[in-house]
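What follows is one structure encoded as structure tokens, with my remarks underneath.
The values are calculated or read from the model by the stated rules, or taken from the named source; none is laboratory data. The structure displayed is predicted, hence computed values, not measured ones. All Cβ positions, even for glycine, are placed from backbone atoms using ideal geometry, and neighbour counts span all protein chains on display. The accessibility values were calculated without ligands, DNA or RNA, using every heavy atom of the protein model including side chains. Shrake-Rupley method; radii C 1.70, N 1.55, O 1.52, S 1.80 Å.
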Amino acid sequence: MVSDPRTAARLPVEVIETERVRLRPYRESDAADLVTGMADPDLHRFLPDLPDPYTARDAVEWITRGAPAAWRRGWAAYAMVDPATDRVIGGCALSNPLPHLGQIEIGYWVTASARGLGAATSAARALTGYAFAHGYGRVELLTRLENPASQRVAIAAGFHREGLRRGARPERGPGVLGGPPERGDRVVWARLVDDPSEPSPRLLPDLPGGALTDGVVTLRPPRPGDEPFLHRLHGLPDVVASSVPPVAPDGAEVALRVARSAFRWLAGERADLVVTDAASGAPAGDIGLYYSEPSTGQGMVGYSLLPEWRGRGFATRAVVLLARWAFDAGVLRLIAGTRPENAASQRVLARAGFRREGYQRERLPGPAGTRVDDVLYALLPADLPPAAPGAVAPAGPVGWHRPAGAFR
Ligand SMILES: CC(C)(COP(=O)(O)OP(=O)(O)OC[C@H]1O[C@@H](n2cnc3c(N)ncnc32)[C@H](O)[C@@H]1OP(=O)(O)O)[C@@H](O)C(=O)NCCC(=O)NCCS
């Protein structure tokens, strides 16, 4: 440790060379690049403290007054620059120091044209090391649930997800009916001084090549634009009857599910996928792996199809594709449940190799405060049918129940 955080109020201004970027103090000549970088709606969505629109005057104000004042308060306000040109491509900062706790917070942004090249990961890793070198023992990072790019940076820079801070901060602009701004939740990530700098482990890996297909159906993560189809799907009476709770989500709820599905996947909680017709790409249904019991290696599968896509074997194919991927990812046992009267879903499970293991009386909430029975099925890796010829992904349902708060 270089210094004791209880006395080290100010951090030293240094030039930090990293694998991909250089971190250095801002200069007046950076103003134009700052204005260019800040002209991006995503930035303002995820960094609500920035002036919007961000003008040349805002840039000069930040460079000449804001950043120097931040340094005086014990923050570190670094420009992230391209080492070849010394031009600003982003920013990386340490803020909100709690010296008595040895904790400080990290934040970053990258200009749209420089994203996806590892700039933020490289800067976050280096600035975290700098905080540790100057006496801090814990670096915290807060991301929105809807910001998977930042969550991926956190994971790559060795931060561990700790939970959700509810109402962590006021959002931008006035709240409902012009009242005070609403408070927004944030995912809390942290790296401790003793944590390795390697990427933190994930329970559910990305799909190889971004999708799974057997040539007839393709499974891909949900994306913006899927909301109307998912809203219709989850409003179908037989899909609602198989949902937990058995209530149709409204449009806002469906939008939230889509926006947060990448977070749930990165968190290792669930992998939600849209089932599409491989030939046309048309969405036909959805399927999910709910990794509710990683300690025993058991996950659960749930699925539903639009009526016009039923009766073509799509659900069975989707279950097999997902199961193969899940077993490859380390899941050891998959379970699925159906309502006793749901013959189509039971047929799907049997064709995919599942075996009926039990009958659970009043297992799930039914309509109007009732309870409904559930037939339990399970699949082990050896139960899977042989891989279909022509399957291009590592070769792996019909409406049935989903866990509470399904894919929120
Ligand atoms: C978050 C941000 C800083 C990332 O910058 P970057 O230099 O592109 O980051 P990196 O290249 O180091 O890593 C980005 C990761 O996000 C992924 N990614 C990029 N865009 C994505 C998107 N729209 N959805 C999901 N993941 C995305 C990349 O594939 C990469 O992950 P991988 O390495 O696992 O493939 C940048 O997107 C940004 O400035 N966003 C707006 C401001 C912001 O959100 N700041 C953080 C607030 S907590």
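Each of Arg115 and Ser280 was given a label point 7 Å from its Cα along the Cα-to-Cβ line. The distance between the two points is 3.2 nm.
If you take the beta carbon distance between Glu171 and Val15 as r and set R0 to 35 Å, what does 1/(1 + (r/R0)^6) give as a FRET efficiency, to the nearest 0.05?
Given R0 = 35 Å and the Cβ-Cβ separation, E is 0.50.
Counting protein heavy atoms only, the stretch 208-383 has 55 percent of its accessible area on carbon and sulfur, 1.4 angstrom probe. A simple spin-label model places pseudo-atoms 7 Å from Cα toward Cβ; at Arg356 and Arg371 they are separated by 2.2 nm. Where only DSSP H runs of four or more residues are counted, the chain gives -7000 deg cm²/dmol as its mean residue ellipticity at 222 nm, each run worth -39500 (n - 2.57). In the context of the full set of protein chains, the stretch 200-356 has a per residue accessible area of 38 Å² (1.4 Å probe). Extension gain, Glu182-Glu308: 0.36 nm per intervening residue step, less the Cα-Cα distance, totals 41.2 nm. Here the simple spin-label model places points 7 Å from the Cα toward Cβ, and for Ala382 and Glu198 these points are separated by 3.2 nm.
On the stretch 16-192, 55 percent of the accessible area sits on carbon and sulfur atoms, based on a 1.4 Å probe.
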